[in-house]
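Some notes on the structure that comes next.
The values are calculated or read from the model by the stated rules, or taken from the named source; none is laboratory data. Being a predicted model, the structure only gives us computed values, none of them experimental. Quick reminder, even Gly has a Cβ in these numbers, built from the backbone with ideal geometry, and neighbours come from all protein chains shown. We work out accessible area using only protein heavy atoms, side chains counted, and drop any ligands, DNA or RNA first. Shrake-Rupley method; radii C 1.70, N 1.55, O 1.52, S 1.80 Å.
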Amino acid sequence: MQNRPASQRPENPVQPAATPPGASDYSLVNSLEGVVEAALKNFGPEQAGLLRSDLISRLRSAGRAAAQPVNTPYVNTIPPGAEPHYPGNRDLERRIKSLVRWNAMAMVVNAQRDGAEVGGHISSYASMATLYEVAYNHFFRGGDNQRPADLVYFQGHTAPGNYARAFLEYRMEERDLHNFRRELAAGGGLSSYPHPYLMPGFWQFPTVSMGLGPILSIYQARFVRYLKARGLLKTPDEPRVWAFVGDGETDEPETLGALTLAAREGLDNLTWVVNCNLQRLDGPVRGNGKIIQELEGIFHGAGWNVIKVIWGSSWDDLFARDEWGLLQKRMDEALDGDFQKYTVAPGSYIRRHFFGKYPGLLHLVDHLSDEDLTRLVRGGHDPVKVYAAYKAAVEHPGGPTAILAKTIKGYGLGEAGEGRNISHQQKKMNEKELREFRARFDVPISDEDIVDTPFFRPAKTSRETKYLLERRRKLGGFVPKREVKAEPLRTPRLEAFPELLKGSGAGEASTTKSFVRLLSVLARDPVIGRLVVPIIPDEARTFGIDPLFSQIGIYSSKGQLYEPVDKEAGFSFYRETADGQILEEGITEAGSMASFVAAGTAYANQGVNLIPFYIYYSMFGPQRVGDLFWLAGDSRAKGFLLGATSGRTTLNGEGLQHQDGHSPLLASVVPTLYVYDPAFAYEVAAIVCDGMKRMFEDGEEIFYYLCLYNEGYPQPPMPPGCADGILKGLYKFKPGPGGKTHRAHLLGSGSIIRSALRAQEILAARYDVSADVWSATSYKNLRNEALLAERWNLLHPAQPARKPFVRQLLEAETGPFIAVSDYMKIVPDQIAKWVPGGLTTLGTDGFGRSETRANLRRFFENDAECAVLAVLHALAQRGAIRRELVAQAIRDLNIDPEKDFPKIAAF
Ligand SMILES: Cc1ncc(C[n+]2csc(CCOP(=O)(O)OP(=O)(O)O)c2C)c(N)n1
Ligand SMILES: [Mg+2]
């Protein structure tokens, strides 16, 4: 495969006698090669390798070499001579793979039948089949007492291949395959893509949102190390993390954005397989370049071990005879667009355009027919090459490995889509194409049956079934498989946090500070303290969490190799330690969410209940990484997301980019996410305690979002009897004074409840109104509960109607209802329908501004004065007071009726 050293070249190269075109600098290359050969011979590979760095530093000092080359030639990293013996039965494995291919294709084709047209993808799995099958037969570990099951991130839209294999493994039945993408069919169906939410016994990781599987896999591998360092891994050995990534998928910033973490952390428990079929959905990934070379440079630069699997065994002989390096040169220069063309073109085209570029190269394939040329297989379709790469990857010490495997999209589909730009969308095959497919892969299906694309599975007693089951048995069981094995925890009750329940007296505290207090008490809990996983993206000091640094330490695989500058600072010094508990992720919300998901799914994937608390700058939560919030739900993640510095007017001085007026709305879209906007320390404690109990004691697969604010104010003691209301979403916090003529109700959430409380005083003192103040901790909960009750009523008309909780609570009250929020009005408006007499909402629609809290609240009209005005206006509308009184109040309260209001829509 490698060019023969200059000294061993024949006098007369194959053809032509003169130096071949394009090979003009050979004299220099030859003399360098001579030096390398001599060094290899005399000193061995290691010492000889030093020549390279010497040469580069010499060139650099001469001002000639700015950067080290990051690319190697376009050839397999492992030369044929270094390939290990293939340990499997090639023939049986090929037959099994062919059947998986057939069934995967048949699933998609059948899913289009009978007008269902539910879609599916054939061509991605077709390109991936060998990459998966070699791993299924030889690498994926199913888990035992020594080592847990491997954690595999399968490429999302190759799911038909995983299902088809599970069918051959007798883990699925024909009916399941028939119901691919028909999840509502009788008896259930198979989800389109990997979704633990939909198939909780099968899939572990959702991967189809491009880029998320890759970044999750990196943080998962690092999380395994974190568990190990903290003594929380259940077995002596760690599981391997695999990620199967599309080459088009590497365009996603999430895919490549965390590569350096994997290298920095030395994650040799991580293997990526990038399926370089050179195509994405619309066309070539890098038609004008070479994706494998581009990725090699990136991975090398990031410190990964890279193994290129470009050519299959049928090329070995050609490379071996490539005396002048012309084949290598042509390989290096041909573009991905060219290689794609060679897939669909006849052999004569390949001969003319690829080999024909140099006469000497053309001569190299004289002995091959045109048809032979079309059969020169790519590395990712050759089990021998793939096995060699996997083995080298799992044995590589010290860091992660990326295998860049070259394949053909739609491999085996022939004219139905092999290598074509329409390949990704191909879902149907005509009879001729089916016959060709059957012939190519030797599938035992008769002529009469073929048009029905029946599924085919060898009998349990067949050699194929016995072989594949035996392979899985040897490797420890089936993959993928999701199992919840964690023991339930006994979580603390509310009484464990007396400090938060008794109030702050005359002192002040924000809800963020109160939460931090709770976290540090929790971290000291003798039973569950060590299971708490605080995750922070470089904002610990902003939120006042830094005292935890010394209490529980920041996880660092290297410990702390330097003396921190603030060592003398006492509690808050930057204490990194090898068994640290805090995951201080740096400035990466995506990475932090990936850690949150890893920790929040450890109850299923690692057999241990962990309690993640991910606290971050609210604006960079769902707005920044909304898809990861969604994925956390799909993953059945548990834990707490804490949007700190919440509110569009509470975070004063920060302005448009940082003031969050919409996270509870964005968070509300995730079905399993409970969204709370607590006003007081005891509410935070009540919500977190109940959440811990539901998730980690009762086993509910849900998670929590809490808005936390940085405004300090006196924290009241917990009023009796409010726990239920806090959890359901609404309770009366402070009734209005007696003896007033008018009644009203103010609903407040988060620290803006203070506007409501001050409005209550003004209304009582100046306008003869007794207003009750309610704390609305969760509009989402209230709405969902009401929607459920309504739906039940709709479907059960003859039975006594159910009354939504919010209506039960409010129906006996008199007077108008006004909600005050530091979020968009639509957040409280979620419950308007069930509020007697309707709901007037004050909120913060529009972009934020840099200002003081007071000015911001007047600007957005959610301060106490505006709440008073809203109450008076509502009373006037009901005829309870005169309009003139409202007009007078506007003057008295110093509200400018012509004031600016944030633009909320462009007309
Ligand atoms: C975030 C995101 N954007 C777009 C898509 C739609 N999509 C699904 S597959 C695909 C092309 C994938 O190409 P590649 O990664 O090369 O995988 P291949 O099918 O070629 O193996 C696209 C754009 C998606 N699933 N996720
Ligand atoms: Mg691709």
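Laid out as a table, the results:
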| read-out | value |
| --- | --- |
| Residues located in segment 266-284, provided they are closer than 15 Å to residue 216 by Cα and more than 16 Å from ligand 1 (Cβ to nearest atom) | 267, 269, 270, 271 |
| Selection from segment 762-807 of residues that are among the acidic types (Asp, Glu) and assigned to a loop (DSSP other than H, G, I, E, B) | 768 |
| Test: residue in segment 807-816 that is surrounded by fewer than 14 Cβ atoms within 10 Å (Cβ to Cβ) and among the hydrophobic types (A, V, I, L, M, F, W, C) | yes |
| Some residue of segment 328-349 being more than 16 Å from ligand 2 (Cβ to nearest atom), at pLDDT 95 or above, crowded, with 23+ Cβ neighbours inside 10 Å and not polar (S, T, N, Q) | no |
| Which numbered condition residue 157 misses (of (1) in contact with a Phe, Trp or Tyr (Cβ under 8 Å, 6 or more places away or on another chain); (2) over 19 Å from residue 281 (Cα atoms); (3) within 16 Å of ligand 1 (Cβ to nearest atom)) | (2) |
| Which numbered condition residue 398 misses (of (1) surrounded by 17 or more Cβ atoms within 10 Å (Cβ to Cβ); (2) in contact with an Asp or Glu (Cβ under 6 Å, 6 or more places away or on another chain); (3) under 30 Å from residue 264 (Cα atoms); (4) of a type outside the set (Asp, Glu)) | (1) |
| Among (1) within 16 Å of ligand 2 (Cβ to nearest atom); (2) within 29 Å of residue 165 (Cα to Cα); (3) open to solvent by 30 Å² or more (accessible area, probe 1.4 Å); (4) under 17 Å from the mean Cα position of the chain (by Cα), the one test that residue 281 misses | (4) |
| Test for residue 751: is it modelled with pLDDT of 95 or more, open to solvent by less than 10 Å² (accessible area, probe 1.4 Å) and not in a helix (DSSP H, G or I) | no |
| Single residue of segment 237-264 satisfying the filter (open to solvent by 40 Å² or more (accessible area, probe 1.4 Å) and away from ligand 2 (no atom under 16 Å from the Cβ)) that is farthest from residue 211 (Cα to Cα) | 237 |
| 2 or more residues buried (at least 24 other Cβ atoms within 10 Å of the Cβ): qualifying helices (runs of 4 or more DSSP H) within segment 150-236 | 159-168, 212-229 |
| Residues located in segment 563-592, provided they are within 21 Å of the chain's Cα centre (by Cα) and either hydroxyl-bearing (Ser, Thr, Tyr) or open to solvent by 50 Å² or more (accessible area, probe 1.4 Å) (or both) | 587, 588, 592 |
| Residue 307, sole failed condition from (1) open to solvent by less than 10 Å² (accessible area, probe 1.4 Å); (2) of a type in the set (Val, Ile, Thr); (3) within 16 Å of ligand 2 (Cβ to nearest atom) | (3) |
| Residue within segment 384-394 that is open to solvent by less than 20 Å² (accessible area, probe 1.4 Å) and of a type in the set (D, E, K, R) present | yes |
| Matching residues in segment 630-683 - criterion: being of a type outside the set (A, V, I, L, M), under 23 Å from residue 722 (Cα atoms) and open to solvent by less than 10 Å² (accessible area, probe 1.4 Å) | 640, 664, 676, 678, 680, 682, 683 |
| Neighbours by Cβ (under 6 Å, 6+ apart or cross-chain): first from segment 644-671, over 29 Å from residue 197 (Cα atoms) and touching a residue at least 60 places away in the same chain (Cβ under 8 Å); second part of a loop (DSSP other than H, G, I, E, B) and of a type in the set (Asp, Glu) | 647/822; 648/822; 649/822; 650/711; 650/822 |
| Residue count, segment 265-277 (criterion: within 16 Å of ligand 2 (Cβ to nearest atom) and either touching a Ser or Thr at 6+ places or on another chain (Cβ under 8 Å) or without any contact (Cβ under 8 Å) to a residue 40 or more places away in the chain (or both)) | 5 |
| Where a residue in segment 618-634 is under 14 Å from residue 645 (Cβ atoms) and its partner, wherever it lies, is of a type in the set (S, T, N, Q) and modelled with pLDDT of 95 or more, with Cβ under 6 Å and at least six apart | 618/645; 618/646; 618/663; 621/663 |
| Any chance residue 314 is surrounded by fewer than 20 Cβ atoms within 10 Å (Cβ to Cβ), over 28 Å from residue 384 (Cβ atoms), hydroxyl-bearing (Ser, Thr, Tyr) and away from ligand 2 (no atom under 16 Å from the Cβ) | no |
| Looking only at segment 285-297, and only at residues there that are touching a residue at least 60 places away in the same chain (Cβ under 8 Å) and open to solvent by 10 Å² or more (accessible area, probe 1.4 Å), the one that is farthest from ligand 1 (Cβ to nearest atom) | 297 |
| Filter pass, residue 439 being more than 16 Å from ligand 2 (Cβ to nearest atom), free of Cβ contacts under 8 Å to residues at least 12 places away in the same chain, open to solvent by 30 Å² or more (accessible area, probe 1.4 Å) and at negative phi | yes |
| Test for residue 469: is it open to solvent by 20 Å² or more (accessible area, probe 1.4 Å), in contact (Cβ under 8 Å) with a residue 12 or more places away in the chain and among the aliphatic types (A, V, I, L, M) | yes |
| Residue, least open to solvent (accessible area, probe 1.4 Å), within segment 421-431, restricted to residues that are assigned to a loop (DSSP other than H, G, I, E, B) and more than 13 Å from ligand 2 (Cβ to nearest atom) | 429 |
| Which numbered condition residue 242 misses (of (1) within 10 Å of ligand 1 (Cβ to nearest atom); (2) outside any loop (DSSP other than H, G, I, E, B)) | (1) |
| Any hit, segment 256-264, residues being within 16 Å of ligand 1 (Cβ to nearest atom), in contact (Cβ under 8 Å) with a residue 12 or more places away in the chain and assigned to a helix (DSSP H, G or I) | yes |
| Within segment 210-236, tally of residues that are within 16 Å of ligand 2 (Cβ to nearest atom) and of a type outside the set (A, V, I, L, M) | 3 |
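Okay, residues lined up against (1) more than 16 Å from ligand 2 (Cβ to nearest atom); (2) in contact with a strand residue (DSSP E or B) (Cβ under 8 Å, 6 or more places away or on another chain):
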| residue | (1), (2) |
| --- | --- |
| 91 | yes, no |
| 104 | yes, no |
| 129 | no, no |
| 154 | no, yes |
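The rows are residues; the columns are (1) outside any helix (DSSP H, G or I); (2) within 22 Å of residue 124 (Cβ to Cβ).
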{"position": "286", "(1), (2)": "yes, yes"}
{"position": "289", "(1), (2)": "yes, yes"}
{"position": "300", "(1), (2)": "no, no"}
{"position": "315", "(1), (2)": "no, no"}
{"position": "323", "(1), (2)": "yes, no"}
{"position": "343", "(1), (2)": "no, yes"}
